[in-house]
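Here's the structure, in structure tokens; my notes come after.
Every number in this text was worked out from the coordinates using simple rules, so none of it is lab data. In this text, all values refer to a predicted model and were calculated from it rather than measured experimentally. Cβ sites come from the backbone with ideal geometry, for glycine too, and all protein chains shown count toward neighbours.
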Amino acid sequence: MTMDMNDTNPFLSRLMAKIREPRPPLPPNQPFFNRIERVPAGLYGEVWFRTGGCRWDRQGGCTMCNYGRSEPPQPDAMVESVRQALLALEHPVDELMVSPSGSLLDPAEVPEEARRRIYALMAAHPASVLLLETRSEWVTPETADELLAIRPPGRGVTVEMGLESVDRWVRRFCINKGGSPADFARASGLLRERGLGVYANVCLGTAFLSPAEAIDDAVATVRWALDNGADRAVVFPLHIKPYTLLDVLSRDGGYAAPSLWSLVEVLHRLGPTLAGRVEIAWYRSYYDREGKITRSPDTCPHCRDAVVGLLDDYRARQDHGTVDTLSAYPCTCRDAWAASLAATHGARADRVATAYRSLANAFGLGNWLAANGGDLMAALYGAPSGRKGD
Ligand SMILES: [Zn+2]
């Protein structure tokens, strides 16, 4: 994995490792998890299957993410769990996503032979579009060629990659994403020149950002993604999951899951022209009864069903008229959300520096930060990420 030092954050990596330390492994009795949603193409089916976990997560990982870790299953078991999951899909789906906890293309997470057998299972499925998820660094000419080779005639293969934010400062100091927007653009180019599809995953509600900053960040990231190789962008309003920085921050009021009104605002600002290329995902929780999520994006009990229903409608048709209806929907919680956008939060670098010191003390990293954090803390206040996409 190549990475510019300017994109690394050794403090957040250490902090995330501490936060994850007590995390129990995923139960071996759930080798897969399926869900189905209505989308413009018909039905979208997602198959998650258990692996050892994301490689990036193992060295600390992203501040919002927890798809779990476990003892790595044998390659045969991974393939078998995908086979079982496909048999268990309750409806014939038009779009089929098969994804592990991290990257299907990372050979340390899914060994190459298992990956090829999983590709064969996907290709044998009648869905018109096959999707998979990976971090961009695993997209190479070789892995892209392999995808092209498995694409059944007349059907699409699309790779979904986490871009999260196009702002390098946000990626480094708020997410600990590693990699760069430039690597996303590189990977997109390799896929597009082979006629393969590209989706960009975009976060809404990143740690340390105010609600207004989070909306700006998501809107700018979607626009950049669509201009830099992505066929579509998928906006994810963040949930608070156990063993994440979001969970730690939320315990003393330092973070709240984004309002669904913020998601509506992102769609409103992107406007009708882009609606056909902007999807939404995870605006509702599918895991409520399993303890995998602490808090989800929400509105209030009075309007929740109506708002989520309209978001289902947008997910199903991507018709911007639904966004207009939502933008005019009256509720006192919407008024409170609008007022929250005007609140002042001070300079974001001050906010992050204060939080880092407090987190360092709480997690036994105070000495480490004092001894080794000089460059990082200086960079916090350095020139803004500026050259977006480098
Ligand atoms: Zn409400």
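A few remarks follow.
- Evaluated with a Cβ-only charge set (Lys, Arg +1; Asp, Glu -1), the chain carries a dipole of roughly 520 debye about its Cα centre, given to the nearest 20.
- Farthest toward positive dipole pole in the chain [+1 Lys/Arg, -1 Asp/Glu at C-beta], among His91, Cys62, Gly309: Cys62
- Unpartnered cysteines - no second Cys beta carbon under 4.7 Å - across the chain: Cys54, Cys174, Cys203
- Pairwise Lys count, the chain - Cα closer than 21 Å, eight or more residues apart or different chains: 6
- Once backbone amide H atoms are built at 1.01 Å from N, Leu131 has Leu96, Met97, Val98, Thr158 as its partners under 5 Å, excluding neighbours fewer than 5 places away on the same chain.
- Per residue, the chain reaches -13000 deg cm²/dmol at 222 nm when only DSSP H runs of four or more residues are counted, each adding -39500 (n - 2.57).
- For the chain, taking Cα atoms only, Rg and Dmax work out to 20.3, 59 Å respectively.
- For Glu109, Glu95, order by how many other beta-carbon atoms lie within 10 Å, fewest first: Glu95, Glu109
- Per-residue Cβ neighbour counts within 10 Å put His320, His125, His91, His345 in the sequence His91, His345, His125, His320, beginning with the fewest.
- Sites listed here are chymotrypsin sites (Phe, Trp or Tyr not before Pro) in the stretch 304-390 whose DSSP assignment is loop and whose Cβ has at most 13 other Cβ atoms within 10 Å: Tyr381.
- In this structure, Ile150 and Glu90 have a Cβ-Cβ separation that, at R0 = 30 Å, corresponds to a calculated FRET efficiency of about 0.75.
- Sparse-neighbourhood loop sites, trypsin sites (Lys or Arg not before Pro) in the stretch 95-124 - DSSP loop, at most 12 other Cβ within 10 angstrom: none
- Taking the fewest neighbouring Cβ atoms within 10 Å as the starting point, the ordered list for Glu21, Glu164 is Glu21, Glu164.
- Dipole axis of the stretch 5-380 (+1 Lys, Arg; -1 Asp, Glu on Cβ), positive-most option in Pro152, Val323, Ser101: Ser101
- Span-like helix ranges in the chain, DSSP H, alpha carbon extent 30 angstrom or more, Kyte mean at least 1.0: none
- About the centre of its Cα atoms, the stretch 1-130 shows a dipole size close to 360 debye [charges on the beta carbon of Lys, Arg (+1) and Asp, Glu (-1) only; nearest 20 debye].
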